[in-house]
Each structure stands twice: as structure tokens, then as C-alpha cells.
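Below you'll find the structure, written out as C-alpha cells, and then a few comments.
The values are calculated or read from the model by the stated rules, or taken from the named source; none is laboratory data. None of the values given here were measured: they were computed from a predicted structure. Every residue, glycine as well, gets a Cβ built from its backbone with ideal geometry; the counts of neighbours run over all protein chains shown.
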Amino acid sequence: MRIVPLLLVGIGACARGPSYDVVIRHGTIYDGSGDRPRVADVGINRDTIAAIGDLSGAHGVRDIDARGLAVAPGFINMLSQAQESFLADGRSQSDIRQGVTLEIMGEGESMGPLSDTMRKENVALQTDIKYPIEWTTLGEYLDYIVKRGVSPNVASFVGATTVRRHELGFADRAPSPQELDRMKALVAQAMEEGALGVGSALIYAPGFYAKTDELIELCRVAARYHGLYISHMRSEARGCSRRRTSC
């Protein structure tokens, strides 16, 4: 006789349907695939989308009625300039409230690696946002902002301009073989710390002092780690200036 209540409980649990931490109901889903949007429910457990479809029989610890609203994966800011504002306020409300969940930094310049000279120069160049520079490498900067608290996911390229400044400062010349080797070692270190690749900004000094062969050598290092190369091109007009010898 004691078995019957247990069976009834089990049957009731099955009839209730699956349970999720969050169920977003009746939203119009834009999944990023390019397919036409569709109305469906989304079940979420912790930080994972567990189910998409008709979840009318499911239970959510939190239920959200998204009828008439768009539901989409988090957006990626591919050219984030928030590397300093994160230090002032890591909540990132201006982007989070627009659905941005990943900020990618490092176009041309990155927050590391830094030499002592660069650290002093960067402090002197600060404008409205004032902050101590308590890191040296790019990986240390990323760890620093995560420890302080930051809302979105973050990632960064290592800046070709940054590794050039590290070894040549603002000099308008090619690196010596020894300087180039040290620049390549800095790229390797950044890649091992999680950099996505090499980013260049070839329309700004001292970035446009770099010739193509210099950039190729830095990219060869990133390629060993399956890294990418992104660039703000040398000229946004029809041609290149004399100084910018390659486009």
C-alpha cells in the first residue's frame, strides 16, 4: 500500500513536464542563422540554452512572457573601445541593455603588453577616465577587469601598434632583427594568454610606420596558435599616401 503514493508522485512529475531555470515564452526567435524568425519558447538551465520549441508543458523557476518581443543570442561588439570604460564601470550598461554580451577589443592597440615607459605614457595620456595601470601583459589586464567585475564576456586581439611601441617607441623605422624577434615573442606570449590574434590600425601613428613584411612576421606567430589578423586599413580613400607604402 505504501508504493501507491510514490507511483502517483512519479506520474504527476511526468505529467508536469520538464523543469528549467528560465522559460522565455512566445518570443519571436532570431537565431543568427539567417533563417526566417519563428515564434517559440526557450528553456534555459544555468548558462545554457537547453531547449527551443513548444515548452507549454514545461515549468520555469522564472517565466518570461516575450510575446511580441524579439529573442536573439547575445550580440558581439567586434570593435569594442570599452577597454578604459570597463575600468571605471564594468557593468557596461550602454551595451548590455542593447543585448551585447561579448566585447572584443584590440584594434591596433591593446591594453598590454606594456613596458615601464609605455605605462608612464599611458597614464599621462588619460583624459576623463583616470585609473592606475596595475598590469603589464594583456592577460593580466583581462584578469584585472574580470576580478574587478565586468558584465559582458571580454576578449582581445594583441595590438601590432602596442608591440611596436614596446620595442621602438614612436620611431619611424623598421625594427632590427633583434627588435622584431622580441616583438614576435610578445605576440606569442599574448596568444598563450588567450589573445584572438593580431590587430593593426595602419592609418594611425605609429602603426602606419610598419611595413607589410613586419606585419607578416607578427601574423606568422599568431597563426601558430590559430589566431586571426584584423586591420584598420592604411587608407580609407582611393589610394595611399607616400608614407603608407602598402595598402
Do we find that S94 is without any contact (Cβ under 8 Å) to a residue 60 or more places away in the chain and either farther than 29 Å from Y209 by Cα or assigned to a helix (DSSP H, G or I) (or both) in this structure?
yes
If you go through segment 141-159 one residue at a time, how many are buried (at least 16 other Cβ atoms within 10 Å of the Cβ) and in a helix (DSSP H, G or I)?
4
Residue match in segment 117-138 (condition: in a loop (DSSP other than H, G, I, E, B) and of a type in the set (G, A, S)):
no
Of the residues in segment 208-241, those that are at pLDDT 95 or above and in a loop (DSSP other than H, G, I, E, B) come to A210, K211, Y225, H226, G227
With the checklist (1) surrounded by fewer than 12 Cβ atoms within 10 Å (Cβ to Cβ); (2) within 24 Å of I203 (Cβ to Cβ); (3) not β-branched (V, I, T) in hand, flag the one item G108 doesn't pass.
(1)
Could you please give the count of residues in segment 35-71 that are under 26 Å from the mean Cα position of the chain (by Cα), more than 18 Å from G99 (Cβ to Cβ) and in a loop (DSSP other than H, G, I, E, B)?
2
Within segment 73-85, tally of residues that are assigned to a loop (DSSP other than H, G, I, E, B) and either closer than 14 Å to V23 by Cα or of a type outside the set (A, V, I, L, M) (or both):
6
By residue number, the members of segment 120-165 that are among the basic types (K, R) and either within 21 Å of S231 (Cα to Cα) or in contact with an Asp or Glu (Cβ under 6 Å, 6 or more places away or on another chain) (or both) are R164, R165
